[in-house]
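S.K.: The following block contains the structure, expressed as structure tokens.
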Amino acid sequence: MSMDRTAKRRVAFILIDGIGDVCLPRFNYKTPLQVANIPNLDAIASAGVNGLMDPVEAGLGCGSDTAHLSILGYDPRIYYRGRGAFESMGAGLAMSPGDIAFKSNFATLDEKSGIVTSRRADRHFEEEGPILCAALDRMKLPSFPEYDVRVRYATEHRCGVVVKGPKLSGNISGTDPLKDNRLLLKAEALDDTEEAKNTAAVVNELSIEMSKILVAHPLNAKRAAEGKNIANIVLLRGCGIRIEVPQFEKQHGLSPCMVAPTKIIAGLGLSLGVDILEAPGATGDYRTLLTSKATAIAKALSAPLQPSPCIFVPGEDEHKPGLSQGYDFGFLHVKAIDDAGHDKASILKVRALEAVDRAIGQLTRLLWQAEKSGKYKYYLCVTGDHSTPVEYGDHSFEPVPFALCQLRDFVSAVGESNLMQVSLEAFPLPSVKSGEDLKNDDVELPEEANSRLKVFSGDSVCQFSEIAAARGCLGRFPGSEMMGVIKKFLKLKNE
């Protein structure tokens, strides 16, 4: 294989949402990453440099949106304006200056008591969610006829909601109580401006009118007859406006693309000027096709040898096919691991991590085939946006492992013959029923480390986990430094 300095340097960036965890007694005080059989992730750690990353700062538990902004080089204290705009843009709703948007849940409300009994009416809502969104889209508010309401289905139990009209402010609270079995909240102004007070009144009427439409919808009558939670309220939270930021390519000198079926991440990417690629069968939940994601990123990073996947255009109803001139930074987002943490499903988190590892094997095989042409030089980076420990069922403040290597060093670690035998056939993630807790299943604990791996780069780490990464040469660093670390690594390895 020929390789020279004219080869285009390209980064495959894999972000595993909610990857971090804590040591679990049922796993002999190991984390899910330590228990999982993840030879490809271990090989990346062995082949490269490692560290522990605090997505925003040490000791701060953060949401995916603020974490993604931080690690992509945008200070969330400056640029964050609420997550609603990200969710709505990712769902395909165009936003203009002055519009407000919400990250919203279909939920179940006890109408007599006003208590939200379940913040997620049903995590698997792919068929019914779009139907209810269509019923809500373009609804009118009796007291505020001058306002337009747009609603679009997002992912699982979520939808994007955009309100357009005069005198709107993003500085209001939401209606989501954030925990089950708590009273539905009323939106309140967070400052003393006329705009904030007016917006709170509009949003409170919106919440009431949405509930009226949902209660009367025949789909909910059908769900009630089947003994399922009804979706009779939309919880409105994360009120936000579209952010105006320097575009990613201008900020970092890398042309970016992203595969992110999770709408809030797609919307964030769109806000940063990142092209969102189509990956058929990728859903952003447990039923996603990871192979499709891996293939989409590999094709985009090996252009112009191949046409790129279709690019999603916010605010339009269809995907427009295009021919990419090539991307330098391919962002592959995986959500299912975070879902397993939220569902407190420890075995599922282990199995999902193993599935991600398998998809990384497929991605690296495709990239290696492209690198052997001599036209490209690839780098692999793997990390997370936050910890979602299964013991807590929510985001927490633990740092996440970070590993970065050259593809050719990864190939040396796993063996080229082994890599080329990796099957490229699609495979499903482990199945799970809605609300199922898998923590009573048995799991076979692997040996402490993969003894066949050796160190290829700057530290002694040969296992990808929170514990092993602490020994890495990068130490512990804030997410704001991540893009700088990646760009410096590319520069050093090209000298």
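Only the coordinates and a few stated rules stand behind these numbers; no lab work does. Keep in mind that this is a model prediction, so the values were computed, not measured. Here Cβ is always computed from backbone atoms with ideal geometry, including for glycine, and neighbour counts include all displayed protein chains.
S.K.: Between residue 148 and residue 460, what's the calculated FRET efficiency when r is the beta-carbon distance and R0 is 56 Å? Round to 0.05.
M.R.: 0.45
S.K.: Can you tell me the 0 to 90 degree angle between the C-alpha axis of helix 346-371 and the longest principal axis of the chain, rounded to 10?
M.R.: 60
S.K.: To continue, here is another question. Could you calculate the contour length gain from residue 424 to residue 37, that is, 0.36 nm times the residue separation minus the distance between their Cα atoms, to one decimal place in nm?
M.R.: Values: separation 387, 0.36 × 387 = 139.32 nm, distance 1.90 nm.
Full-extension gain reported as 137.4 nm.
S.K.: For the chain, restrict the atom set to alpha-carbon positions and state the Rg and Dmax in Å.
M.R.: Considering the chain through its Cα atoms, Rg and Dmax are 22.7, 72 Å.
S.K.: Now a separate question. As an exercise, identify the trypsin sites (Lys or Arg not before Pro) in the range 1-70 lying in DSSP coil whose Cβ has no more than 14 other Cβ atoms within 10 Å.
M.R.: Taking the range 1-70 and a limit of 14 other Cβ atoms within 10 Å, the loop trypsin sites (Lys or Arg not before Pro) found are 5.
S.K.: Once you put a point 7 Å from the Cα of residue 373 and another 7 Å from the Cα of residue 251, both along the Cβ direction, what distance in nm separates them?
M.R.: 3.0
S.K.: Multiply the residue separation of residue 190 and residue 6 by 0.36 nm, subtract the distance between their alpha-carbon atoms, and state the gained length in nm to one decimal.
M.R.: Result: 60.8 nm gained on full extension.
S.K.: A further question on this structure: So, by mean Cβ neighbours within 10 angstrom, what's the order for 160-169, 353-362, 122-131 with the highest one leading?
M.R.: Going from most to least packed, we get 353-362, 160-169, 122-131.
S.K.: Students often get this wrong, so check it: of 299/493; 103/140; 30/335; 263/493; 263/299; 349/493, which have C-alpha atoms separated by over 26 Å?
M.R.: Pairs exceeding the cut-off: 263/493; 349/493.
S.K.: Right, here's the next one. Find the percent of Cα-Cα distances in the range 84-240 that exceed 22 Å, and round it to a whole number.
M.R.: In whole percent, the long-distance tail amounts to 34.
S.K.: While we're on this one: Among 410, 144, rank each residue by its count of other Cβ atoms within 10 Å, from fewest to most, as a rough exposure measure.
M.R.: Going from least to most buried by this count: 144, 410.
S.K.: So if each residue of separation counts as 0.36 nm, and I subtract the Cα-Cα distance between residue 208 and residue 412, what length gain in nm does that give?
M.R.: Once the chain is fully extended between residue 208 and residue 412, it gains 67.4 nm.
S.K.: Ok, one more. Run the simple label-point estimate for residue 29 and residue 110 please: 7 Å along Cα→C-beta, distance reported in nm.
M.R.: Here the answer is 4.2 nm between the modelled labels.
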